[in-house]
1. Can you name every residue in the range 70-128 that is touching a residue at least 12 places away in the same chain (Cβ under 8 Å) and touching a strand residue (DSSP E or B) at 6+ places or on another chain (Cβ under 6 Å)?
2. For the range 246-262, which residues satisfy the criterion of being within 16 Å of Asn194 (Cα to Cα), in contact with a helix residue (DSSP H, G or I) (Cβ under 9 Å, 6 or more places away or on another chain) and surrounded by 15 or more Cβ atoms within 10 Å (Cβ to Cβ)?
3. Looking only at the range 1-60, filter to residues that are closer than 30 Å to Thr379 by Cα, among the basic types (Lys, Arg) and surrounded by fewer than 17 Cβ atoms within 10 Å (Cβ to Cβ); which one of those is nearest to the chain's Cα centre (by Cα)?
4. Looking at the structure I just gave you, is Phe341 within 27 Å of Thr154 (Cβ to Cβ) and in contact (Cβ under 8 Å) with a residue 24 or more places away in the chain?
5. Quick one: Leu290 ticks every box in (1) under 16 Å from Met383 (Cβ atoms); (2) surrounded by fewer than 20 Cβ atoms within 10 Å (Cβ to Cβ) except a single one, so which number is it?
6. Just to be sure I understand, how many residues within the range 160-177 are more than 13 Å from Val198 (Cβ to Cβ) and surrounded by 24 or more Cβ atoms within 10 Å (Cβ to Cβ)?
7. Tell me, please, whether a residue that is of a type in the set (Ser, Thr, Tyr) and either in contact with a Pro (Cβ under 8 Å, 6 or more places away or on another chain) or crowded, with 24+ Cβ neighbours inside 10 Å (or both) can be found in the range 135-154.
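The values are calculated or read from the model by the stated rules, or taken from the named source; none is laboratory data. Source: prediction; values computed, not measured. Because the Cβ atoms are built from the backbone with ideal geometry, glycine has one as well, and the counts that use them run over all protein chains shown.
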Amino acid sequence: MSPAPVRPLPPWRAALLRAAPALGLFAAARLTGMAVLTLWCLHIGRSPRAVLATSWDSGWYTRIAAEGYGRTLYWPDGVVQSDLAFFPLYPALVRGVSAVLPVAGGTAGLLVSWLAAGAAAWGVYAVGERLWGAAAARMLVLLWGLLPHSVVLTMAYTEPLLTAFAAWSLYAVLTRRWVCAGVLAALAGAARPNGVAVAAAVGAAAAVEAWGRLRARRSPGWRPCAAALLAPAGWLGYVLWVGVRTGDVPGGYFRVQAGWTSRFDFGRGTYGFARAVATRPMDLGFTVSLLLTGLSVVLLALLALERPPLALFVYTAVLVVIAVGGAGFFESKPRFLLPAFPLLAPVALALRRARPRAAAVLVAALAGLSFGYGTYLLTLATMAL
């Protein structure tokens, strides 16, 4: 009697099994970081959950989830800060989780962020595996989970959500699933302001695809065109909605952001901040933020030498340009760059070629920095994250 034929696994399950080692490394990295943070919080008498769920912008997001938009702070120096600066997708998901599960806003925010971080790690692996192979993809995911600011990936923040939609949108572009790429880009644009980078990447790739087909005397096809139209819908839709709500359709959202000192000034603010760091004593976090922002420019140049696909490079370059060229909370720039995971590709490729002992030493050093610095950011630093 012949044995029963073995049914092949569904593609998504086979892909998940291939990604499992990388996801295990990512989970181990972030759980260890949370354990270090928890032990320190208990030592100083603070609640680890409160630190992760309510620090800085987390409070704004959970308040929007519970009460909707409408909170504005008026400061004595004339500064006006509105919650309209915060994009709507993450609060909407937090509100949905709170409606379904018996959890409070902060805990619901953590659940959304943790699930999004797992989906993002899988997406980062999928992109890395397709372009550089499984070994480099595993290293790429591990490096992303051990960045100095990777503690944000376990907080009630929006960076994990943006990275998840961005990574899978880029993967959809690489596999020519154009409509899927456009929809995911639209969702990324509804998650964070710099989600516009995903729309730029999808639009650029779709334009090149359509042009190539036209040059070959073929129809450009409706799918790339649909992707290009869908991709900016989330970002543009919210910007216009804020404009309508504030009575200034083209400029309302940007006035709201200016109240948070957030604007694009082509790097003048970054230059001024770099001079300040070089000429007078500053908190550790400011100096580290300057170093990491400068390092992002170097890594972008190294990424260009690897000749990545257009969509990947455009996405990463736009994120770096927004971070370097924007004014405002300079200490937050490394957090804004967390979704720029392709910056780590040159390092991952170098570690893949390195001797195992050298790679292990570098990873261990990065882990120590990540766990220690993340704990510092949330419990000792006085600056915003």
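1. Those that are touching a residue at least 12 places away in the same chain (Cβ under 8 Å) and touching a strand residue (DSSP E or B) at 6+ places or on another chain (Cβ under 6 Å): Val80, Gln81, Ser82.
2. Once the filter is applied, which keeps residues that are within 16 Å of Asn194 (Cα to Cα), in contact with a helix residue (DSSP H, G or I) (Cβ under 9 Å, 6 or more places away or on another chain) and surrounded by 15 or more Cβ atoms within 10 Å (Cβ to Cβ), the range 246-262 yields Tyr253, Phe254, Val256, Gln257, Trp260, Ser262.
3. Arg49
4. Answer is yes for this residue.
5. Status for Leu290: all satisfied but (2).
6. 1
7. Checked against the condition, which is being of a type in the set (Ser, Thr, Tyr) and either in contact with a Pro (Cβ under 8 Å, 6 or more places away or on another chain) or crowded, with 24+ Cβ neighbours inside 10 Å (or both), the range 135-154 yields at least one hit.
For (1) at pLDDT 90 or above; (2) under 18 Å from Phe336 (Cα atoms); (3) among the small types (Gly, Ala, Ser), each residue gets a yes or a no:
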position	(1), (2), (3)
Ala181	yes, no, yes
Ala207	yes, no, yes
Ala216	no, no, yes
Ala226	yes, no, yes
Trp235	yes, yes, no
Pro250	yes, no, no
Tyr253	yes, no, no
Pro281	no, no, no
Val288	yes, yes, no
